[in-house]
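My questions all concern the structure below.
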Amino acid sequence: MRKNFNFSDKKIISDYYNLAKTELSQINRSITGKGTLKLLNIIKKDFKDLKICKIRSGEKIFDWKVPSEWNVSAAYVVDKYDKKIINLDNNNLHLLGYSMPINKIISKRKLITHLYSLPNQPNAIPYLTSYYQKNWGFCVTDKQKKNIIKKYNSIDKFKVVINSSFNNQGYLNYGELLLKGKSKQEILISTYICHPSMANDELSGTIASMSLIKYYKNFKELNKSLRFIFVPETIGSIAYLSKNLNYLKSNLIAGYNLTCIGDEKKHSCMLSKYRNTQADYSLMEAYKKLNIKYKEYNFLKRGSDERQFNSPGIDLPIASIFRSKYGEFPEYHTSLDNFELVTKKGLIGGFKVAKTAINLVLKKIIPINLVLCEPQMGKRGLYPMVSKKDNTLKKITRHYMNFLQYSDGKNDLEIISKIINLDKNMTLKIYNILKKHKLVA
Ligand code: ZN
């Protein structure tokens with residue numbers, strides 16, 4: 001693995017941080033729709049190799065169906081003085097995601113039942129969606145809601161306008177970029193693009209992923225391939241897996257889901273379901289190498305796309321890397337999850353963890369047995385043909401067979417050496433011999 005020249009982490013992060021803060025965060029996005037496509041096209045400006053893929057609304061993906069494409073051009077509430085008292089133009093979070101279209105004069109009482117706020121965080125606008133149940137609503141600060149209740153009489157009327165549309169001939173879009181390496185083995189980096197205007201629970205993952213692409217693009221040669229995906233959370237990862245599962249199952253050796261990776265609080269992570277994959281080992285090694293104290297969350301606390309990646313039958317070796325985990329910080333899913341919470345310093349910290357873990361996976365030799373059942377060693381001259389009392393030869397054969405047993409794509413040389421009780425040098429020698437005989441790749 002040779003690098004061409006050095007970009008500093010700071011410079012890379014800083015560029016994408018500014019892009020996210022000034023441009024990406026302004027785009028109203030959802031699991032489908034023009035906003036998400038716009039974001040992907042902005043990423044593509046920097047990385048021409050990004051493939052923007054689309055799946056048609058209504059298409060069956062495992063137990064789900066791709067929803068209709070949702071778009072909105074305007075959403076506001078007008079009072080009796082003809083004043084817009086809530087307006088989507090002021091904040092992307094003001095509209096309940098996937099709201100139905102409406103254009104109606106309604107009573108104060110009715111309006112209040114469609115206003116969502118957080119009494120415990122009176123200055124925060126909540127982020128809410130209703131993807132799979134027809135509904136409409138506005139999200140406001142609790143202060144704003146209380147003001148409306150106080151200011152207007154019970155007989156006052158309000159005009160509610162939501163210019164939204166559902167297109168059942170539409171698409172769900174996601175982005176995919178491959179940095180091809182020498183071997184077929186791949187590392188997957190996944191992040192999501194469907195939470196509008198939120199910095200940690202969303203854009204931090206995009207910033208970190210773009211920074212990683214920029215960083216690894218400068219490698220003259222990569223030992224393994226790196227695949228990056230930018231998907232709408234849940235439905236997007238399900239769609240992606242439904243299209244690519246067989247490929248991923250044969251080539252993926254590790255992967256990371258990047259989410260909430262840009263604040264300055266403690267580092268944390270969630271390992272894969274059984275905590276026994278290369279992604280887990282390398283992530284723990286990375287924290288150790290960087291001297292970072294971290295919190296590991298139990299898999300029972302999962303909430304992002306690790307839910308899909310680790311499902312039975314999917315079983316991909318993917319862990320999640322966070323600073324403050326989603327759901328565990330007060331600004332989560334509110335307008336307070338902004339670029340004051342997410343900082344360049346916080347992001348550099350998260351980026352370094354991901355980069356170090358990926359570098360560790362890249363360096364690992366993970367042999368894969370190329371034949372089913374035990375190979376016939378005799379015809380390759382790797383087995384004593386006449387059984388003599390030659391114990392050394394028998395021992396070596398035993399080491400070959402042990403090595404092959406554990407070459408199932410889950411273990412690197414170091415782990416195999418530990419399992420089969422053989423020193424690292426001998427393990428490496430055996431690997432080279434078996435490779436020469438085309439028994440492992
Ligand atoms: Zn979220």
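The values are calculated or read from the model by the stated rules, or taken from the named source; none is laboratory data. From a predicted model like this one, the values you see are computed outputs, not experimental measurements. All Cβ positions, even for glycine, are placed from backbone atoms using ideal geometry, and neighbour counts span all protein chains on display. Note: accessible area is taken over every heavy atom of the protein model, side chains too, but ligands, DNA and RNA are not part of it. Shrake-Rupley method; radii C 1.70, N 1.55, O 1.52, S 1.80 Å.
Report every pair of residues separated by at least 6 positions or lying on different chains whose Cβ atoms are under 6 Å apart, first residue within region 124-135 and farther than 17 Å from ASN90 by Cβ, second aromatic (Phe, Trp, Tyr).
THR129/TYR98; SER130/TYR98; TYR131/TYR98
Related question: Yes or no: region 342-357 includes at least one residue that is crowded, with 24+ Cβ neighbours inside 10 Å, farther than 30 Å from THR141 by Cα and within 14 Å of the ligand (Cβ to nearest atom).
No, that holds for no residue.
Separate question: Every residue in region 256-308 that is open to solvent by less than 10 Å² (accessible area, probe 1.4 Å), within 16 Å of the ligand (Cβ to nearest atom) and not acidic (Asp, Glu), please. Steps first, please.
Going through region 256-308, the residues open to solvent by less than 10 Å² (accessible area, probe 1.4 Å) turn out to be 256-263, 268-272, 278-280, 282-283, 286-287, 304-306.
With the extra rule that they be within 16 Å of the ligand (Cβ to nearest atom), the set shrinks to 257-263, 268, 270, 304-306.
ASN257, LEU258, THR259, CYS260, ILE261, GLY262, SER268, MET270, SER304, listed by residue number.
Pick out, from region 16-101, the strands (runs of 3 or more DSSP E) lying fully within it that include 1 or more residues that are over 27 Å from ASN135 (Cα atoms) and in the same structural domain as ILE235 (by TED's automatic domain parsing).
Answer list for region 16-101: 51-56.
Do we find a residue being away from the ligand (no atom under 16 Å from the Cβ), aliphatic (A, V, I, L, M), assigned to a helix (DSSP H, G or I) and open to solvent by 10 Å² or more (accessible area, probe 1.4 Å) anywhere in region 208-229?
No, there is no match, as no residue in region 208-229 is away from the ligand (no atom under 16 Å from the Cβ), aliphatic (A, V, I, L, M), assigned to a helix (DSSP H, G or I) and open to solvent by 10 Å² or more (accessible area, probe 1.4 Å).
Could you run through region 326-340 and say how many residues are open to solvent by less than 40 Å² (accessible area, probe 1.4 Å), over 12 Å from LEU203 (Cα atoms) and either among the aromatic types (Phe, Trp, Tyr) or away from the ligand (no atom under 14 Å from the Cβ) (or both)?
Result for region 326-340: 2.
So which residues in region 230-251 are more than 16 Å from the ligand (Cβ to nearest atom) and open to solvent by 20 Å² or more (accessible area, probe 1.4 Å), if there are any at all?
Residues satisfying the conditions are SER242, LYS243, ASN244, LEU245, ASN246, TYR247, LYS249, SER250.
Restricting the first residue to region 9-33 and requiring it to be hydroxyl-bearing (Ser, Thr, Tyr), which pairs with a second residue that is outside any helix (DSSP H, G or I) meet a Cβ separation below 6 Å and a spacing of at least six or different chains?
If the second residue must be outside any helix (DSSP H, G or I), the pairs left are SER25/SER197; SER30/TRP70; SER30/GLY97; SER30/CYS194; THR32/GLU69; THR32/TRP70; THR32/LEU172.
A further question follows. Can you give me the number of residues within region 136-151 that are touching a residue at least 40 places away in the same chain (Cβ under 8 Å), under 10 Å from TYR116 (Cβ atoms) and more than 16 Å from the ligand (Cβ to nearest atom)?
Going through region 136-151 one residue at a time, the tally reaches 3.
Given ASN223, ASN276, which one is farther than 24 Å from TYR326 by Cα and not assigned by TED's automatic domain parsing to the domain that holds GLU414?
That would be ASN223, the only listed residue that is farther than 24 Å from TYR326 by Cα and not assigned by TED's automatic domain parsing to the domain that holds GLU414.
For the structure I just gave you, tell me whether TYR256 is at pLDDT 95 or above, outside any strand (DSSP E or B) and of a type outside the set (A, V, I, L, M). Can you show your working first?
Numbers: at pLDDT 95 or above: yes; outside any strand (DSSP E or B): no; of a type outside the set (A, V, I, L, M): yes.
It is false that TYR256 is at pLDDT 95 or above, outside any strand (DSSP E or B) and of a type outside the set (A, V, I, L, M).
When the residues of region 176-206 are filtered to those that are buried (at least 24 other Cβ atoms within 10 Å of the Cβ) and more than 16 Å from the ligand (Cβ to nearest atom), which remaining residue is farthest from VAL342 (Cα to Cα)?
If we take residues in region 176-206 being buried (at least 24 other Cβ atoms within 10 Å of the Cβ) and more than 16 Å from the ligand (Cβ to nearest atom), then ILE187 is farthest from VAL342 (Cα to Cα).
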